[in-house]
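Below is one structure; the comments refer to it alone.
Please treat every number below as a calculation from the coordinates, not as lab data. In this text the structure is predicted, and so the values were computed from the model without any measurement.
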Amino acid sequence: MRIAILGTGGVGTTLATGFVRAGHEVRMGSRSATNEKAAEWVAEAGAHASAGTFADAAAFGEVVVNATGGLVSIEALTAAGADNLAGKPLLDVANALDWTEGFPPRVVQPDGRSLAEQIQETFPTARVVKTLNTMNTSVMTAPRDLSGESTVFVAGDDADAKAVASSLLADLGWLPSEIVDAGGLTAARGLELYLALWVQLMHTFGTPTFNIGIVRP
């Protein structure tokens, strides 16, 4: 599958590497076609890796992953182009965290709406799925490094897009029993607000390498 990763930070490069290792073709997108981080990643990732602008990547991808900073995600996706997002599963892994007042950060949800809902409203023909936002980058592509099973969520209004997201999660090493459908896109509100607790736990534990798990009878 052709996957566009928008964002060249730690999340973007980690996911891009994970998908390349799983056999997918990945194009990383950034504001500039000459982004140094993207170029370094391409040099390391090999033949199935390429890079370009946000628009280049989005046009290339059958699936688009928003790994940009949550406070600038709408801007980045606008640069990617609504036409390039139309009809495609758009996996939103971002969190809108405002650190301007120090620790802990504030989760930004204008009018109580999640970032994922704002993206869906701005790009109504994209098929937005919220996933992978409830854990550190190191866990996203290496869930088997944890001591036991844990949980990754998918939330969205399009069942087929959630199925695509679940398949890609499996490619990253997540077990079917660990992939939990949280419901429609409004569930992203809670998934994003969990970051307030996650950041506090990271501070308490002294490490970001942990995850939560759903325990059922």
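Okay, here's what the table says:
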{"quantity": "Residue-wise HN-Hα coupling along segment 152-163, computed from phi with Karplus coefficients 6.51, -1.76, 1.60 (Hz; x: Gly, Pro)", "calculated": "10, 9, 10, 9, x, 9, 10, 5, 5, 5, 5, 5"}
{"quantity": "Where only C-alpha atoms are counted, convex hull volume of the chain per residue in Å³", "calculated": "123 Å³"}
{"quantity": "D_trans [Stokes-Einstein, Kirkwood Rh over alpha-carbon pairs] for segment 1-66, 37 °C, 0.692 mPa s, µm² s⁻¹", "calculated": "301 µm²/s"}
{"quantity": "Distance between segment 97-122 and segment 60-96 - C-alpha centres, whole angstrom", "calculated": "16 Å"}
{"quantity": "Segment 58-192 - percent relative contact order, Cα under 8 Å, separation 6 or more", "calculated": "24 percent"}
{"quantity": "Beta bridges per DSSP with both ends in the chain, % antiparallel, nearest 5", "calculated": "15 percent"}
{"quantity": "Hz values of 3J(HN,Hα) by residue in segment 61-71 - Karplus curve (6.51, -1.76, 1.60), Gly and Pro given as x", "calculated": "x, 7, 10, 10, 10, 8, 10, 7, x, x, 6"}
{"quantity": "Segment 4-119: antiparallel DSSP beta bridges as a percent of all, rounded to 5", "calculated": "10 percent"}
